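This is the structure, below, for whatever I ask next.
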Amino acid sequence: MRKLVFIFVLILGVLAQPYSYQELRLYALKYSYQQVITADGIKQSLFQFIYQAIASTYEPKVYPNEGNYEGVGSQDDYVNPLSAAPTVVVHSVDGLRAAIKEAQPNSYILLAPGIYEIDRTIVAFKNGLKGEPIIIGAEKVGQVVVQVNSMEGIVVRGQFWQFENLIFKGKQGRDTASDQKIEHAIHIVGDADNITINNNHFINFNAHIKANGAKQKSGQRQFPDNLSVVNNTIFNEWKRETTTTASPIDIVGGDHTLVANNFIADFGKHGKNGKGISTGAYIKGGGKNGLFDNNLVMCEWRIPHTSPLDVRIGLSFGNGGTGDQFCAGGRCEYEHSNGVMRNNTILNCHNDVGIYLNQSQNTLIEHNAIRSSLGIDVRFAQSSAVIRSNVVDGQIKTRDGATMSLEDNIIE
């Protein structure tokens, strides 16, 4: 049995050089598992034998394997210094909808304690001003639950909005019919600049927070700039039954995006033919100056990986790439430029890397801890990176013409 497994892994190694033993073992697991679910007869039995033999020698470590991290990103005692602005108190979804429609700069829409069920998407189209945002929130986290029963909860098209102290929950249901109809809690579109999402909980969505460009009347595509997603707790209670994107923070285009001090966990999905690929947070689509700072990303927290094809990646600039029609100017010369990832802890991405760069130029990756994953992957000729002072399980590697410089990293 061991000889057969060794020969199988060796053949894969010859075909897939240069890869580490850890990667080869994982690729062998993925390939044999794929054959088990697609083949039949003798071939299926053979690959079932191979899969079980390799799996018996591979048990990835889970960091940390105990503890309750719910609420790690948020601050229970947070009080917004601008909450002294003129306040409109609402007690119902209809009241919330009306308040958003009539909102003015320097106004505070305060939700009274309770549960607010959104069955039809609410659109926030008015503009706040610099120093005078439009705030939607609760006095404290835990007082208000916004139950989203529609494809999207709140779509933001105006500028200078702020969301704080809310719990957004997607409709309960662990089936494809439900999960594919509950996409986003907050969707930021077009020229909706200077949006702040601070100190909230987001539970049970495909892409909890989504931002992307939109064509204006001029024909030019504009993107949300200066988006801040900070101090939030974001996770799912089950693997999403969907073929759509399942990544908690999904940012396409826009400059100066900040993703900091968030807890992001359990974002696996069931995709087509048993495959599920998802990323904790990514920025792509041709923007620049994005920053991931001091986030805790747990690819596996309460929801274990279910197979080698259950792929969860921690953080990414570029992710799976962007169609040219969705990029500024109708073409993506790069997915991101001048991005920074620093001080993040990324855990338990067993079946892939903790950090992935795809066509992302001039990237700085520093002071991150990446454990129980394949490491860091820098891919394609547009990608260049300085990678320094990180602690990494696995490899730090380039592929397909990418370049990098390494300084003072600890490889474990």
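The values are calculated or read from the model by the stated rules, or taken from the named source; none is laboratory data. Fair warning: this is a prediction, and the values are worked out from it, not measured in the lab. Glycine also receives a Cβ, built like all others from the backbone with ideal geometry; neighbour counts cover every protein chain displayed. When the accessible area is computed, the model is the full protein with side chains, heavy atoms only, and any ligands, DNA or RNA have been set aside. Shrake-Rupley method; radii C 1.70, N 1.55, O 1.52, S 1.80 Å.
Under a 5 Å amide H to amide H cut-off, with H placed in plane at 1.01 Å, what residues pair with Gln395 once short-range neighbours are removed?
Under 5 Å from the amide H of Gln395 lie the amide H atoms of Gly375, Ile376, each far enough along the sequence or on another chain.
Please list 329-340, 31-42 highest first by mean number of surrounding beta-carbon atoms within 10 Å per residue.
329-340, 31-42
For a protection proxy built on the mean count of beta-carbon atoms within 10 angstrom, sort 212-220, 145-153, 301-309 highest first, please.
Those peptides, ordered most packed to least, come out 145-153, 301-309, 212-220.
Which of these values of volume of the Cα convex hull per residue in Å³ was calculated from the structure shown: (i) 229; (ii) 203; (iii) 142?
Computed from these coordinates, volume of the Cα convex hull per residue in Å³ corresponds to label (iii).
Take the Cβ-Cβ distance between Lys272 and Asn106 as r, set R0 to 56 Å, and report the resulting FRET efficiency rounded to the nearest 0.05.
Step by step, r from the Cβ atoms, then E = 0.70.
Looking at region 87-239 only, what percent of DSSP beta bridges run antiparallel? Nearest 5 please.
Of the beta bridges lying entirely in region 87-239, close to 5 percent run antiparallel.
Shape verdict for region 248-315, please, from the Cα gyration tensor: rounded (a/c under 1.5), prolate (a/b greater than b/c) or oblate.
oblate
Then there is this: Output the antiparallel fraction of DSSP beta bridges having both residues in the chain, as a percent to the nearest 5.
The antiparallel proportion sits near 5 percent.
Distance between Cα centroids, region 220-275 to region 62-78: provide it in whole Å.
One Cα centre to the other: 18 Å.
Given the peptides 64-75, 312-323, arrange them by the average over their residues of other C-beta atoms within 10 Å, most packed first.
Descending packing order for the listed peptides: 312-323, 64-75.
Charges only on Cβ, +1 for Lys and Arg, -1 for Asp and Glu: so what's the dipole of region 125-248 about the Cα centre, in debye to the nearest 20?
240
Per residue of the chain, what 222 nm ellipticity follows from adding -39500 (n - 2.57) for every DSSP H run with n ≥ 4, rounded to the nearest 500?
-4500 deg cm²/dmol
Any idea of the accessible area per residue across region 310-412, 1.4 Å probe, to the nearest Å²?
36
Using only the alpha-carbon atoms, how far is helix 21-38 inclined from the longest principal axis of the chain? Give it as 0 to 90 degrees, nearest 10.
Orientation of helix 21-38: about 80 degrees from the principal axis.
Antiparallel versus total DSSP beta bridges in region 122-171: what percent is that, nearest 5?
Percentage antiparallel, nearest 5: 10.
Now for a different question. Ignoring ligands, DNA and RNA, what percent of the accessible area of region 285-412 is carbon or sulfur (1.4 Å)?
The computed percentage sits at 45.
I would also like to ask the following. For region 275-397, with only Lys/Arg (+1) and Asp/Glu (-1) charged at the beta-carbon, what is the dipole magnitude about the Cα centre, in debye rounded to 20?
My answer is approximately 40 debye.
For region 174-280, with the dipole built from +1 on Lys and Arg beta-carbon atoms and -1 on Asp and Glu ones, taken about the Cα centre, which of Ala260, Gly219, Ile197 lies farthest toward the positive end?
Gly219
Here is a follow-up. Keeping the other protein chains in place, figure out the carbon and sulfur percent of the accessible area of region 47-156, with a 1.4 Å probe.
Whole-percent figure for carbon plus sulfur exposure: 52.
If you wrap a convex hull around the Cα atoms of region 163-211, how much volume per residue is inside, in Å³?
61
Next question, about the same structure. Could you do me a favour and compute the accessible area per residue for region 70-179, 1.4 Å probe, result in Å²?
47
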